[in-house]
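**Student:** First the structure, then my questions, so here it is.
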Amino acid sequence: MRHIAIIGSGPAGYYTAEAAQKQWGDEVRVDIFDMLPVPYGLIRSGVAPDHQSIKGVSRRYEATALSDNVRFVGNVMIGKDVSVPELQGLYDAVVLATGAPHDRKMDLPGENLPGVYGSAAFVGWYNGHPMFAGLDPDLSGDTAVVIGMGNVALDVTRILAKTREEFAGSDIVAHALDVLQTSKLRKIVILGRRGPHQIMMTPKELGELSHLTRAAPRVDPLDLPEEGEDAFLEPGLRKSVSHLRSFAAIPESHYGDTPIEVEFDFFASPKAILGTDKVEGIEVERTKVEAGRAVGTGDTYTIPAGLIVCCIGYQTSRIPDVPFDERAGRFANDEGRILPGLYCVGWARRGPSGTIGTNRPDGFSVIEKIGEDIAAGILGHGGKQGRAGFDELAAARGLDVVTFRDWKKIEAEEERRARDDAPREKFVVVDEMIRAREG
Ligand code: NAP
């Protein structure tokens, strides 16, 4: 019997468990740990609440979770309740699938002013992550600046721009819906330090901006390169750029019909966040792109704003005893191997890039490596206690483990209390989640 511990119950964690099942069938036992009492990580707390079809992938993870040789061990924080070396003593292999839940820092003056948020916090707020549920952003100003031109910037912009009716069918949490209702925003500026040919936004997500009830995208035609140059782009990016071209062609009269303007500000690099007690604006330097890099021109200007959301990427959380690559913001690893018997997968391995599906081959590849290390005798010859040993440790420490069966009760309770037009109303406080398992 092989015993595998996976830390993190998001996509990378469940794909790794699925791969372990495929590789070893009944010969493996997999425990998937999560610090929260609820599973699915990024699917629950990262994917936008109005993208329910993407969240549907959790049904696939549930099939894995319900099999006899995989179990969910929720409400246990590895590195605090139990250490990684302790897990290594109990399991043949420990796989860190902890994602990248922290914001990369801008390192700008004024970054810590109230009203400036990283996307992990802001997305966590509208998705009801317990760590960020209390954010309560002030939307009384008329301008928000969203920094970054990736898909997270699009998610944040869309959520800020939608009407209550447009959230029908979504699982946006009630506290966010209530605050968004009070919004006085008239303008959302999306700031990119490079140009239209360097955006990280994918076509489907970018196209959604043209279907918003009360907002319209605005692109300055002068920012767009000659149309012929689009031919050299890879097809996905070419399609995204064609959306930008259609935004640039929107007639001026159209903006009068929509109260919110979503303005793309290209070639604009943030220099300082301005304000005394809270954010009042952002100072930006005009750039030009040379050999693919943004180079400052020395021209600066200020955008007054009452809300700034930095969507510039994420980093992995450190875990005591695990080597960390400071520069890359993830665990130090060689294609998923950290130390003998210790591995990482998904964003914790490669950084925050790719789609949810990218994590599937990643999960299969780490299991292949574990198989190779077993064959090479690097992981010893079995005989570890696995879940029985963990259960003893958990009992000795008085850990209140939440099982998958408990989660199904929490889930049923979230569905029961949902608004009429929503699939669920999430619990946003850990104690409430735990109480909900009592039914
Ligand atoms: P991302 O795609 O890497 O985009 C980050 C953006 O931030 C880039 O435009 C980058 O510009 C900019 N940036 C980075 N550092 C900056 C700085 N110091 N100053 C100004 N701008 C800076 O990251 P993301 O949007 O967080 O997305 C993470 C991953 O999740 C991506 O793979 C994304 O596709 C995926 N995702 C997918 C979906 C979906 O499919 N619906 C939704 C959300 C997220 P440069 O290019 O100039 O560095």
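**Student:** Where does each of 151-162, 16-27, 76-87, 395-406 land if you order them by average Cβ count within 10 Å, highest first?
**Tutor:** Numbers: 151-162: 23.6, 16-27: 19.2, 76-87: 17.6, 395-406: 14.2.
For the peptides 151-162, 16-27, 76-87, 395-406, the packing ranking is 151-162, 16-27, 76-87, 395-406.
**Student:** So, how do all the Cα-to-Cα distances of the chain break down into 20 Å bins, in percent, from 0 on up?
**Tutor:** Reading the bins upward from 0: 24, 52, 22, 1.
**Student:** For the stretch 244-280, which trypsin sites (Lys or Arg not before Pro) pass both filters: DSSP loop (anything but H, G, I, E, B) and at most 14 other C-beta atoms within 10 Å?
**Tutor:** LYS278
**Student:** At 222 nm, what value in deg cm²/dmol follows for the chain if DSSP H runs of at least 4 each add -39500 (n - 2.57) and the sum is divided by all its residues, to the nearest 500?
**Tutor:** On the way: 16 runs with 140 residues, N = 439.
After summing the helix terms and dividing by the residues of the chain, the value is -9000 deg cm²/dmol.
**Student:** Taking K and R as +1 and D and E as -1, what net charge do the other residues with C-beta under 10 Å from the C-beta of ALA305 add up to?
**Tutor:** Here the charged neighbours net out to -1.
**Student:** Which whole-Hz ³J(HN,Hα) couplings does the stretch 79-92 yield from phi under the Karplus relation 6.51 cos²θ - 1.76 cosθ + 1.60, θ = phi - 60°, glycine and proline marked x?
**Tutor:** Residue by residue, the stretch 79-92 yields x, 10, 6, 9, 8, 4, x, 4, 5, 5, x, 9, 10, 5 Hz.
**Student:** Further question: Using only alpha carbon pairs under 8 Å that are at least six residues apart, calculate the relative contact order of the stretch 102-314 and give it in whole percent. Don't skip to the end; give the middle numbers.
**Tutor:** Numbers: 435 pairs, mean separation 68.0, N = 213.
This gives 32 percent for the stretch 102-314.
**Student:** Still on this structure, please answer the following. Just how far, in whole angstrom, is the stretch 16-44 from the stretch 140-208 if you go by their alpha carbon centroids?
**Tutor:** So the separation of the two Cα centres works out to 32 Å.
**Student:** For TRP407, what is the net charge nearby, where nearby means another residue's Cβ is under 12 Å from its Cβ and Lys, Arg count +1, Asp, Glu -1?
**Tutor:** The answer is 0.
**Student:** Please work out whether the stretch 102-314 counts as rounded, prolate or oblate from its C-alpha gyration tensor, where a ≥ b ≥ c are the square roots of the eigenvalues and a/c under 1.5 means rounded, while otherwise a/b larger than b/c means prolate and anything else oblate?
**Tutor:** Oblate shape, in that a/c is at least 1.5 and b/c is the bigger or equal ratio.
**Student:** Antiparallel versus total DSSP beta bridges in the stretch 102-314: what percent is that, nearest 5?
**Tutor:** So the antiparallel bridges in the stretch 102-314 amount to around 45 percent.
**Student:** Right, something else. Only bridges with both residues in the chain count here: give the DSSP antiparallel percent, nearest 5.
**Tutor:** 40
**Student:** Then there is this: Quick one: net charge around ARG318, please, counting Lys, Arg +1 and Asp, Glu -1 for every other residue with C-beta under 15 Å from its C-beta. Don't skip to the answer; put the middle values down first.
**Tutor:** Working: positive: LYS80, ARG104, LYS105, ARG327, ARG330, ARG349; negative: ASP103, ASP321, ASP325, GLU326.
Residues close to ARG318 contribute a combined charge of +2.
**Student:** With 22 Å as the limit, write out which pairs from LYS55/LYS426; LYS55/LYS204; LYS162/LYS239; LYS184/LYS271; LYS162/LYS187 have Cα-Cα distances beyond it, or answer none.
**Tutor:** Table pairs above 22 Å Cα-Cα are LYS162/LYS239; LYS184/LYS271.
Each value in this text was obtained by applying a stated rule to the coordinates, not by laboratory testing. Worth saying up front: this structure is predicted, and the values here are computed from it rather than measured. Positions of Cβ are generated from backbone atoms using ideal geometry, with glycine treated the same way; all protein chains shown enter the neighbour counts.
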